[in-house]
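Take a look at the structure below.
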Amino acid sequence: MPPNSYEPYDLIAMGRIGVDLYPLRAGVPLARVETFGRFLGGSAANVAVAAARLGRRTALVTRTGNDPFGDYLHQQLREFGVDDRWVTGVADLPTPVTFCEIFPPDDFPLYFYRRPKAPDLELRTEELDLDAIRAARIFWTTGTGLCEEPSRSTTLAALEARGGTHDAGRVTVFDLDWRPMFWGDGDPGRARPYYAEALRRATVAVGNLDECEVATGEREPHAAARALLDAGAELAVVKQGPKGVLAMDRAGTTAEVPPVPVEVLNGLGAGDAFGGALCHGLLAGRDLEHTMRYANAAGAIVASRLACSSAMPRPAEVEQVLAGGPVPAQEPAA
């Protein structure tokens with residue numbers, strides 16, 4: 001399709017994708033698991049799926065291996081309604097696979113198979129459709145994209161291309177997404193200068209307390225939010241797990257929202273569901289507190305389910321939870 005022959009996307013996400021293999025029984029260590037479910041995974045991919053489930057027009061920029069797992073991911077993205085035109089193959093690298101163990105309510109060890117290198121870290125600036133990235137109503141990228149070249153320079157170039165989107169009513173989200181195993185020795189000091197560069201180019205920063213500490217050196221929620229704003233963001237969203245979420249914008253508006261009570265089955269996709277719902281709320285122009293409550297509800301729904309991508313809620317499910325109804329347990333069909 002020729003450049004600029006499409007309407008701007010509600011959301012373009014750029015970053016990690018892979019195949020998640022989850023045990024079909026909770027409380028069983030991997031050494032004893034006999035059956036797994038296969039799902040599309042990766043934080044950026046999941047955020048795109050979550051927003052698509054809420055009715056948004058989304059696309060993903062990433063890379064896979066030229067292998068059957070890569071074919072599977074293309075198929076899944078299309079079934080979820082995510083445009084995969086910018087998901088390209090890398091000839092000599094396998095599509096990543098991630099295993100997890102499920103020990104509710106709060107222990108979900110992850111085992112990443114991303115060697116010798118993940119294809120999504122082979123994103124190159126010259127291959128980006130910068131016109132589409134500039135035009136998107138929301139552009140979402142992550143800290144993982146900064147961990148290696150050429151993805152690091154490509155991520156920063158995409159963020160740079162979004163310059164001036166503040167005045168155009170568009171949003172640039174930097175998901176702090178700290179994964180120490182992707183940074184060699186896992187030293188936060190190596191990551192912090194690159195995080196600072198990304199924050200200077202972002203309008204929204206999102207992260208949990210550990211990630212905020214990596215990015216800013218601050219762990220106390222209000223201090224972390226202020227540090228993110230000082231670093232360049234116009235809105236800081238600090239996820240606090242069982243203590244809920246804090247959001248603070250540069251105009252001085254603050255929203256502190258408690259979590260939705262839920263029986264957790266697998267908490268791994270909750271943050272990505274939160275991210276997709278955050279985008280939905282920002283696009284809808286909802287006030288800060290409502291947006292946080294909506295995002296919290298979406299995250300709680302996914303935490304109660306086994307999968308990540310296929311567990312992303314639809315609008316009626318989120319509204320049910322917001323109205324005080326039960327968290328829907330049934331995963332919707334893809």
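Considered as a group, the residues in region 114-135 that are part of a helix (DSSP H, G or I) and more than 19 Å from GLY70 (Cα to Cα) include one that is farthest from the chain's Cα centre (by Cα), and that residue is GLU126.
Just one of the listed residues (GLU234, GLU148, GLU218) is at pLDDT 95 or above, more than 17 Å from the chain's Cα centre (by Cα) and farther than 18 Å from VAL245 by Cβ, and it is GLU148. List the residue pairs whose Cβ atoms are under 8 Å apart, where the first residue sits in region 84-107 and is under 18 Å from GLY41 (Cα atoms) and modelled with pLDDT under 95, the second is assigned to a loop (DSSP other than H, G, I, E, B) and among the polar types (S, T, N, Q), and the two are 6 or more positions apart or on different chains. As it stands, the answer is CYS100/ASN266; ILE102/ASN266, since those pairs meet every condition given.
Every residue, every condition in (1) surrounded by fewer than 18 Cβ atoms within 10 Å (Cβ to Cβ); (2) among the acidic types (Asp, Glu), yes or no:
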{"residue": "GLY184", "(1), (2)": "yes, no"}
{"residue": "THR203", "(1), (2)": "no, no"}
{"residue": "ASP210", "(1), (2)": "yes, yes"}
{"residue": "THR216", "(1), (2)": "no, no"}
{"residue": "ALA224", "(1), (2)": "no, no"}
{"residue": "LEU228", "(1), (2)": "no, no"}
{"residue": "VAL237", "(1), (2)": "no, no"}
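Entry remark, region 297-334: residues being out of contact with any helix residue (DSSP H, G or I) (no Cβ under 6 Å at 6 or more places or on another chain), at pLDDT below 95, surrounded by fewer than 17 Cβ atoms within 10 Å (Cβ to Cβ) and not small (Gly, Ala, Ser) number 3 in total. The sole residue among ALA205, ALA196 that is out of contact with any Ser or Thr (no Cβ under 6 Å at 6 or more places or on another chain), part of a strand (DSSP E or B), within 28 Å of ALA161 (Cβ to Cβ) and among the small types (Gly, Ala, Ser) is ALA205. Scan region 206-213 and tell me whether some residue there is at pLDDT below 95 and touching a strand residue (DSSP E or B) at 6+ places or on another chain (Cβ under 7 Å). No, every residue in region 206-213 fails to be at pLDDT below 95 and touching a strand residue (DSSP E or B) at 6+ places or on another chain (Cβ under 7 Å).
The values are calculated or read from the model by the stated rules, or taken from the named source; none is laboratory data. All figures in this text were calculated on a predicted structure; none of them were measured in a lab. In this analysis, Cβ positions are derived from the backbone assuming ideal geometry, glycine residues included, and neighbour counts consider all displayed protein chains.
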